[in-house]
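Beneath this line is the structure, given in structure tokens, with notes to follow.
The values are calculated or read from the model by the stated rules, or taken from the named source; none is laboratory data. Fair warning: this is a prediction, and the values are worked out from it, not measured in the lab. Cβ placement follows ideal geometry from the backbone for every residue including glycine, while neighbour counts extend to all protein chains displayed. Heavy atoms of the whole protein, side chains included, go into the accessibility calculation; ligands, DNA and RNA do not. Shrake-Rupley method; radii C 1.70, N 1.55, O 1.52, S 1.80 Å.
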Amino acid sequence: MREIYNKNIDNENYIIEFDEEALEYKSKNPWLFSVFIKYDSFDESQQGYEEFLETKESLIIAIEYEGTAKYVGVRVVDGWSEFYFYTSVTKGFNSTVSAILSPSKYIYESNIVRDTKWNFYETQLLPSELESHHIVSAKIAFLLAEEDDDTEVVREVEHYAVFDTDTQKDRFKDLAIEAGFEYKDDISTDEYEYGIALIKKHNIEDAEVKKVVEELYELIKKEHGYYEGWSTTLVPKES
């Protein structure tokens with residue numbers, strides 16, 4: 001399954017698409033093959049956007065065709081789309097890329113390096129724990145918007161956190177209340193006995209949710225806990 005999110009790497013903002021199930025191929029594919037194409041594959045306003053999407057999928061299918069390579073993701077920065085594959089062999093891919101891209105107008109280049117530990121995938125493509133929460137938040141907001149939710153409306157939003165000890169939970173509770181969150185209830189999960197539900201009033205626009213989650217995440221990590229996401233009620237748009 002492919003996921004898309006924004007990632008800051010060395011003060012550069014990248015748009016990342018990654019295959020979250022790719023790690024199952026790690027043991028048999030030690031080579032990292034990359035194809036850089038001069039085109040922003042996430043800018044829908046660009047001329048020839050649909051054509052590029054077709055080229056992208058054709059490229060992925062062609063490289064994966066023999067079963068020796070696995071597409072793991074793409075990074076977009078400064079107008080370049082960087083496609084990455086892990087492979088079990090080192091030869092044959094340049095000719096495949098050339099057959100697809102040479103007839104087109106795209107400027108491109110390709111390269112292959114050894115990366116047995118999949119270091120590039122794990123450090124440059126996979127999201128961090130906090131980035132994973134932002135991905136989930138975006139999905140929740142999207143589903144609410146699909147139900148005609150007015151995402152700009154401020155409403156009560158519940159946020160959840162869990163901890164290894166009751167002491168950690170209580171210290172975090174004090175920090176969260178001081179930061180403007182309201183205590184609602186103690187909770188527990190199958191894995192963690194000590195948890196807490198908090199309430200804060202805010203809208204569910206992307207920027208606001210990110211701001212609140214990042215603030216809360218920092219407080220949770222001070223007490224070595226884990227953020228468990230958020231929920232809210234639907235606020236239909238006025239007709």
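From the list 19, 43, the lone residue that is open to solvent by less than 20 Å² (accessible area, probe 1.4 Å) and either within 18 Å of the chain's Cα centre (by Cα) or touching a residue at least 12 places away in the same chain (Cβ under 8 Å) (or both) is 19.
Residues of region 130-147 include at least one that is under 25 Å from residue 222 (Cα atoms), of a type in the set (Ser, Thr, Tyr) and open to solvent by less than 30 Å² (accessible area, probe 1.4 Å). Here residue 67 passes the criteria (1) at pLDDT 95 or above; (2) exposed (fewer than 13 other Cβ atoms within 10 Å of the Cβ) except the one numbered (1).
If the condition is being of a type in the set (Gly, Ala, Ser) and either surrounded by fewer than 16 Cβ atoms within 10 Å (Cβ to Cβ) or touching a Gly at 6+ places or on another chain (Cβ under 6 Å) (or both), then region 159-188 contributes 161, 179, 180, 188. For region 1-58, give me each residue that is basic (Lys, Arg) and in a strand (DSSP E or B). Selection gives 2, 7. A count restricted to region 70-111 and to residues that are of a type in the set (Val, Ile, Thr), under 19 Å from residue 14 (Cβ atoms) and open to solvent by less than 10 Å² (accessible area, probe 1.4 Å) stands at 3. Identify the residue in region 192-211 that is assigned to a strand (DSSP E or B) and in contact with a His (Cβ under 8 Å, 6 or more places away or on another chain) and, among all such residues, is surrounded by the fewest Cβ atoms within 10 Å (Cβ to Cβ). Checked region 192-211; the qualifying residue surrounded by the fewest Cβ atoms within 10 Å (Cβ to Cβ) is 199.
State all residues of region 218-239 that are in contact with a Leu (Cβ under 7 Å, 6 or more places away or on another chain) and buried (at least 17 other Cβ atoms within 10 Å of the Cβ); if no residue qualifies, say none. Correct list: 219, 227. Looking at 109, 66, which is the one that is without any contact (Cβ under 8 Å) to a residue 40 or more places away in the chain and charged (D, E, K, R)? Going through 109, 66 in turn, just one is without any contact (Cβ under 8 Å) to a residue 40 or more places away in the chain and charged (D, E, K, R): 66.
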